[in-house]
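Chemist: Following this message is one structure expressed as structure tokens.
The values are calculated or read from the model by the stated rules, or taken from the named source; none is laboratory data. As the structure is a computational prediction, the values presented were derived from the model and not from experiment. Cβ placement follows ideal geometry from the backbone for every residue including glycine, while neighbour counts extend to all protein chains displayed. Ligands, DNA and RNA are stripped out before the accessible areas are found, and what is left, the full protein with its side chains, is counted by its heavy atoms. Shrake-Rupley method; radii C 1.70, N 1.55, O 1.52, S 1.80 Å.
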There are 2 protein chains.
Amino acid sequence: MSNIKALPLLEPETGSGPESVAPCCPPLTERPFTAEEAERTARMFKALGDPVRLRLFSAVASHAGGEACVCDISDVGVSQPTVSHHLKKLKEAGLLTSERRGTWVYYRVEPSVLASMGRLLTSE
Amino acid sequence: MSNIKALPLLEPETGSGPESVAPCCPPLTERPFTAEEAERTARMFKALGDPVRLRLFSAVASHAGGEACVCDISDVGVSQPTVSHHLKKLKEAGLLTSERRGTWVYYRVEPSVLASMGRLLTSE
DNA sequence: CATCTATGTTGACACATGTCGAATCAAAGC
DNA sequence: GCTTTGATTCGACATGTGTCAACATAGATG
């Protein structure tokens, strides 16, 4: 499934983790992004660029305990396979992580991501 | 061109302006987004979800004087019609505005946008 | 083991999107 | 007016994306 052209940006520690994570680039307003920076950063924005994914992400991010079971958030108006597909996309973009505990699979927001993306947009 | 289903969110003052602007939604972490909130917000993220557009946006946002002529930023590795196409998308998403002055067309970042998007991502 | 429930994967399909060359428009200068 | 230069629009094409039904997998429980 990793048809994503392996970008060695952060430490690839886990080996099974998401393809990329955030702390990569200066604020968008600091200087023009290079092609590589844009490639990396666009992946995250793109992941949030779909209404269903944005709702899923928001549902996880705002859920009590910092994590949510799929069953808690899958009421977004599309079929269950489609929910699964979008959650996978969010994982591949490095925005979410998942863990199976017993019957259910729990998703949580990759901690540093929100802050990192926020920093991209804050000229300050 | 306006195949976008007219969303009456901000004051449509100008009549010729972009389709939507930012100050719409609480932080992503506050509560699950509604379908409408997601629809609106995803449009902006989607606009920044392409590497070429991200470079163009960054180039404008970081340019001296707060604005840039197309000729200043069109060196992003794609043809000039494609640059124009992406700038149009950024305009339609409400992220950029454009103005022709004599021979050249200048683009600038819609002022409130960066702060608004930043606020979406800052749990604070 | 059989079965049920919760998620994920596959295959297929319609539709959106990024790209380019060619044509067009807009302003400036001859 | 014609020509030149900057920028957008048009038409076409290949690729990407969101969606679902059908199938597969993982645990739990009988």
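Chemist: Near the amide H of B:Glu110, under 5 Å away, which other amide H atoms are found, from residues 5 or more places off or on another chain, if H is placed in the peptide plane?
Modeler: Close amide H contacts, sequence-distant or interchain: B:Leu96, B:Thr97.
Chemist: Something else about it: Buried accessible area for the A:B pair, summed, 1.4 Å probe, in Å² rounded to 100?
Modeler: 2500 Å²
Chemist: Would you pull out the residues with amide H under 5 Å of B:Cys69's amide H, same chain only if 5 or more places away, H placed 1.01 Å from N?
Modeler: Amide H to amide H, under 5 Å and 5 or more residues apart or across chains, B:Cys69 pairs with B:Tyr107.
Chemist: Which whole-Hz ³J(HN,Hα) couplings does segment B:90-98 yield from phi under the Karplus relation 6.51 cos²θ - 1.76 cosθ + 1.60, θ = phi - 60°, glycine and proline marked x?
Modeler: Residue by residue, segment B:90-98 yields 5, 5, 5, 7, x, 8, 10, 10, 9 Hz.
Chemist: Same structure again: Take the residue pairs A:Lys91/B:Lys91; A:Lys46/B:Lys91; A:Lys46/B:Lys88 and return only those whose Cα atoms are more than 26 Å apart.
Modeler: In this structure, A:Lys91/B:Lys91 lie more than 26 Å apart at Cα.
Chemist: So, for segment A:35-121, what is the accessible surface per residue at a probe of 1.4 Å, expressed in square angstrom?
Modeler: 44 Å²
Chemist: Shifting gears a bit: Along Cα-to-Cβ, 7 Å out, sits the label point; list in nm, shortest first, how far the one on A:Gly77 is from those in the other copies.
Modeler: Spacings between copies for this position, smallest first, are 3.6 nm.
Chemist: Okay, moving on. Output wanted: per-residue J couplings in Hz (rounded whole) for segment B:57-67, from phi through Karplus 6.51 cos²θ - 1.76 cosθ + 1.60, θ = phi - 60°, x for Gly and Pro.
Modeler: 4, 4, 5, 5, 4, 9, 6, 4, x, x, 9
Chemist: Compute the label zone of A:Thr82 within segment B:28-71: residues whose backbone N is under 18 Å from the point 7 Å along Cα-to-Cβ.
Modeler: Flagged as within label range: B:33-43.
Chemist: Can you list the residues of segment B:39-77 with backbone N under 16 Å from a point 7 Å past the Cα of B:Arg101, pointing along Cα to Cβ?
Modeler: Residues B:60-61, B:63-73 qualify, since their backbone N sits under 16 Å from the label point.
Chemist: Would you mind giving the mean number of other chain beta-carbons within 10 Å of the Cβ of each residue in B:88-96, as a whole number?
Modeler: Average per residue, whole number: 0.
Chemist: Convert each backbone phi in segment A:107-120 into a coupling constant with the Karplus relation 6.51 cos²θ - 1.76 cosθ + 1.60 (shift: θ = phi - 60°), then list the ³J(HN,Hα) values in order as whole Hz, x for Gly and Pro.
Modeler: 10, 9, 6, 4, x, 6, 5, 4, 4, 5, 5, x, 5, 4
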